[in-house]
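Notes follow the structure.
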Amino acid sequence: MKVQAPVKTETRRIAVGVAVLSALMLIVFVLIGRFDWTVLWGTLLGGGYAVLNFFLMALTVQHAAEQMNGVTLPAEEEETGDETQPKQKEELPQQKMARSIVQRSYTLRLALTALVAVIAVKVPLFHAVPAIVAFFFPRIVITAQPLLQKLKKGE
């Protein structure tokens with residue numbers, strides 16, 4: 001499977017945002033006098049995993065979309081005459097396959113996130129706080145993106 005351009009573009013955008021937020025977090029640790037090498041390694045572990053997790057999620061969505069073969073979601077509801085019980089059309093095989101791909105990926109990525117968090121907490125090389133805080137950086141970047149685009153346009 002070839003990685004499509006939107007996946008590359010969005011992953012690059014997330015990586016830049018995570019790098020900026022990681023640098024800001026390191027500066028905060030320096031300013032409060034708590035910086036040491038474990039903070040740097042924890043930040044690299046958490047930030048690197050956050051970008052990898054986003055990339056894997058985007059790749060999964062791409063793969064699921066490719067499996068749909070032109071089928072659109074959500075399935076339309078059928079009229080049954082009884083308005084209290086709308087009847088759903090049976091899910092198409094392509095929809096089942098796409099849903100399965102996304103669910104499996106989510107479960108695996110969640111397990112991998114737990115593993116990385118345990119490593120951050122248990123391995124003395126890493127400071128757990130910056131590692132785990134960095135897990136949230138992609139969400140912050142995604143949330144801040146519309147605001148940054150408005151500022152960039154000068155609105």
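Condition first: β-branched (Val, Ile, Thr) and surrounded by fewer than 16 Cβ atoms within 10 Å (Cβ to Cβ). Now tell me which residues in the stretch 2-58 satisfy that.
If the condition is that a residue be β-branched (Val, Ile, Thr) and surrounded by fewer than 16 Cβ atoms within 10 Å (Cβ to Cβ), then 3, 9, 16, 20, 27, 28, 30, 32 are the ones that fit.
Of all residues in the stretch 106-155, count the ones that are within 20 Å of residue 35 (Cα to Cα), part of a helix (DSSP H, G or I) and in contact (Cβ under 8 Å) with a residue 40 or more places away in the chain.
10
So, residue 39, is that one within 17 Å of residue 145 (Cα to Cα), in a helix (DSSP H, G or I) and in contact with a helix residue (DSSP H, G or I) (Cβ under 7 Å, 6 or more places away or on another chain) or not?
No: the conditions fail for residue 39.
Hey, among the residues in the stretch 37-53 that are within 14 Å of residue 16 (Cα to Cα) and aliphatic (A, V, I, L, M), which one's farthest from the chain's Cα centre (by Cα)?
Selected residue: 44.
Hey, can you tell me all the residues within the stretch 55-66 that are within 18 Å of residue 103 (Cβ to Cβ) and of a type outside the set (Gly, Ala, Ser)?
56, 57, 59, 60, 61, 62, 63, 66 - these are the residues of the stretch 55-66 that are within 18 Å of residue 103 (Cβ to Cβ) and of a type outside the set (Gly, Ala, Ser).
Evaluate the stretch 85-106: report whether one residue or more is at pLDDT below 95 and of a type in the set (Val, Ile, Thr).
yes
Just to be sure I understand the filter: pairs with C-beta atoms under 6 Å, separated by 6 or more residues or on different chains, first member in the stretch 29-40 and closer than 13 Å to residue 131 by Cα, second member surrounded by fewer than 16 Cβ atoms within 10 Å (Cβ to Cβ) and among the β-branched types (Val, Ile, Thr). Which pairs pass?
Sorted first by the residue in the stretch 29-40, then by its partner, the list stays empty.
The values are calculated or read from the model by the stated rules, or taken from the named source; none is laboratory data. Everything numeric in this text was worked out from a predicted model, so none of it was measured. Glycine gets a Cβ as well: all are built from the backbone with ideal geometry, and neighbour counts include every protein chain shown.
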